1. Under the condition of being touching a Pro at 6+ places or on another chain (Cβ under 8 Å) and in a loop (DSSP other than H, G, I, E, B), which residue from the stretch 382-404 is farthest from Pro353 (Cα to Cα)?
2. Could you tell me whether the stretch 161-177 includes any residue that is small (Gly, Ala, Ser), under 24 Å from Asp405 (Cα atoms) and either in contact with a strand residue (DSSP E or B) (Cβ under 6 Å, 6 or more places away or on another chain) or assigned to a helix (DSSP H, G or I) (or both)?
3. Could you grab the pairs with beta carbons closer than 8 Å, sequence gap of 6+ or different chains, first residue in the stretch 370-386 and over 15 Å from Gly335 (Cα atoms), second one part of a loop (DSSP other than H, G, I, E, B) and of a type in the set (Gly, Ala, Ser)?
4. Could you run through the stretch 1-49 and say how many residues are surrounded by fewer than 18 Cβ atoms within 10 Å (Cβ to Cβ) and in contact with a Gly (Cβ under 7 Å, 6 or more places away or on another chain)?
5. Looking only at residues that are part of a helix (DSSP H, G or I) and in contact with a strand residue (DSSP E or B) (Cβ under 8 Å, 6 or more places away or on another chain) in the stretch 318-343, which one is surrounded by the most Cβ atoms within 10 Å (Cβ to Cβ)?
6. Please enumerate the residues belonging to the stretch 305-328 that are within 12 Å of the chain's Cα centre (by Cα) and among the polar types (S, T, N, Q).
Amino acid sequence: MAVSIEPGRHRAVLFDLDGVVTDAGAVFDDARSLVARLREQGVRTAVFSAGRNCRDALAREGIADLFDARVDGSGPPGPAVLLEAARRVRTEPRAAAAVVVAEDATAAREAGFGLVIAVARHGAPQPGPVPAVTSLADVAVAASPRLRLSAVSDALDGWEEIAARLRGRDPVFVFDFDGTLAPIRDDPDAVALPPENRRVLEQLAAHHHVAVLSGRDLQDVRARVPARGLWYAGSHGFEVAGPSGEHFCQPDGAAAVDDLDEAERRLSAACGSTPGALIDRKRFALAVHYRRTPPDSVDDLLAAVRDVADASSALRVTRGRMVVEVLPNVAWDKGRALRLLLDEWGLAGTALPVFAGDDYTDEDALREIHHDGIGVVVRSAEHGDRLTWAHYAVDDPDELAGLLDRMAAVV
């Protein structure tokens, strides 16, 4: 019986270590293959075990980093370890799939997962309430609606189509900063908003809701985008401020501040002498920039950052353009922050969201609005021909400014 995982519906897939990924310590080839196919489609993956050390078990097979997250339980299998695995990959159970040994299928189903696949490797699966397979080769990965950057339509070439969607609608505009509104620089402190982009932001904000949603600290991005009437969301949306004094923080993120303090101390000791490494502490994040780091030192630097983050279950790691970040390990990202803004503005389900970004972390927002908005990606040679959820593309911040000028004239 073939079963299909749909990247458009299932944002993460959780795998049982014993009996699904490994057997007597050996990793199943079909598990490696399925995880690789999922990650190629941008689906996050986690591995869990009720009683074993996942990291050590996978490290012995040379695949310690095969999964985005690893979770160890402390008792018999049950919903708790599954729910923790979903939390580690920032996905609600309803938007995740769980691939478990057959005897754990009922617990996974009761936990509310959007898809549960039972694996019975040593015999025909018994009929039951969830799909069952004897091999992960029987699990298909449906085609994703994402496109390669090279295949995304040029926004200026597709202007008439964009204009038609904008006319008669109430658009809201949300933008990343570095690499989107402003060109990337070797020194993050040297990044500045071009005057033309400030002008068009203020023009849009005079009639519509406009927000800058950045990985930078809130105060930093406010200082770099000094335009009238804007909303600002810093640290990937963990902290938000409005033009009339509005201010709120993501509460679960605030609970991880002490862990970030400890991570900063450990990273300063572990990476402080790495050539070109720049450690940038924000209130709700810790960024390590390596644009100036010699290539032969980058792998060790990234491994050190992951080791520090792995020491606390309250933290996780995300990657960007020549930067790796340690963030609170909660179900929060730029996509959820964008929806929070829509709710705050009272426009959820009615407005046409327009989002532009350039980096991997922007994909969460592009995915969030894929079915009800307009997503624009700023291309970058540093990303190669990666996959994106964007509908349209521009080549650089200057070209984005030209697109926004056209939008301002229409709306």
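1. Going through the stretch 382-404, the residues touching a Pro at 6+ places or on another chain (Cβ under 8 Å) turn out to be 389, 396-398, 401.
Going one step further and asking which of them are in a loop (DSSP other than H, G, I, E, B), we end up with 389, 396.
On the way: Trp389: 14, Asp396: 21 Å.
Restricting to residues being touching a Pro at 6+ places or on another chain (Cβ under 8 Å) and in a loop (DSSP other than H, G, I, E, B), the top hit is Asp396.
2. Here is the first cut: in the stretch 161-177, the ones small (Gly, Ala, Ser) are 163-164, 168.
If we keep only those that are under 24 Å from Asp405 (Cα atoms) too, we end up with 163-164, 168.
When the remaining residues are screened for being either in contact with a strand residue (DSSP E or B) (Cβ under 6 Å, 6 or more places away or on another chain) or assigned to a helix (DSSP H, G or I) (or both), the result is 163-164.
Looking through the stretch 161-177, at least one residue is small (Gly, Ala, Ser), under 24 Å from Asp405 (Cα atoms) and either in contact with a strand residue (DSSP E or B) (Cβ under 6 Å, 6 or more places away or on another chain) or assigned to a helix (DSSP H, G or I) (or both).
3. Hits for this filter: Val378/Gly179; Ser380/Gly179.
4. 1
5. Applying the first criterion (part of a helix (DSSP H, G or I)) to the stretch 318-343 yields 334-343.
From the residues that got through so far, the ones that are in contact with a strand residue (DSSP E or B) (Cβ under 8 Å, 6 or more places away or on another chain) too are 334, 337-338, 340-342.
Values: Lys334: 26, Ala337: 24, Leu338: 24, Leu340: 17, Leu341: 23, Leu342: 21.
So, considering only residues that are part of a helix (DSSP H, G or I) and in contact with a strand residue (DSSP E or B) (Cβ under 8 Å, 6 or more places away or on another chain), the one surrounded by the most Cβ atoms within 10 Å (Cβ to Cβ) is Lys334.
6. Kept after step one, since they are within 12 Å of the chain's Cα centre (by Cα), are these residues of the stretch 305-328: 316-320, 325, 327.
Of everything in the stretch 305-328, just one residue is within 12 Å of the chain's Cα centre (by Cα) and among the polar types (S, T, N, Q), namely Thr318.
Residue-by-condition table, conditions (1) modelled with pLDDT of 90 or more; (2) of a type outside the set (S, T, N, Q); (3) farther than 26 Å from Glu363 by Cα:
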position	(1), (2), (3)
Ala24	no, yes, yes
Ser33	yes, no, no
Ala36	yes, yes, no
Arg39	no, yes, no
Gly42	no, yes, no
Gly51	no, yes, yes
Ala57	no, yes, yes
Arg60	no, yes, yes
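So that you can scan it fast, the table gives a plain yes or no per residue for (1) modelled with pLDDT of 85 or more; (2) part of a helix (DSSP H, G or I):
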| site | (1), (2) |
| --- | --- |
| Pro76 | no, no |
| Ala80 | yes, yes |
| Glu84 | yes, yes |
| Arg90 | no, no |
| Val99 | yes, no |
| Ala105 | yes, yes |
| Phe113 | yes, no |
| Ile117 | yes, no |
| Gly123 | no, no |
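The values are calculated or read from the model by the stated rules, or taken from the named source; none is laboratory data. Only a predicted model underlies this, so the values are computations on that prediction, with no experimental measurement involved. Using ideal geometry, Cβ is built from the backbone for each residue, glycine included, and neighbour counts are taken over all protein chains shown. Heavy atoms of the whole protein, side chains included, go into the accessibility calculation; ligands, DNA and RNA do not. Shrake-Rupley method; radii C 1.70, N 1.55, O 1.52, S 1.80 Å.
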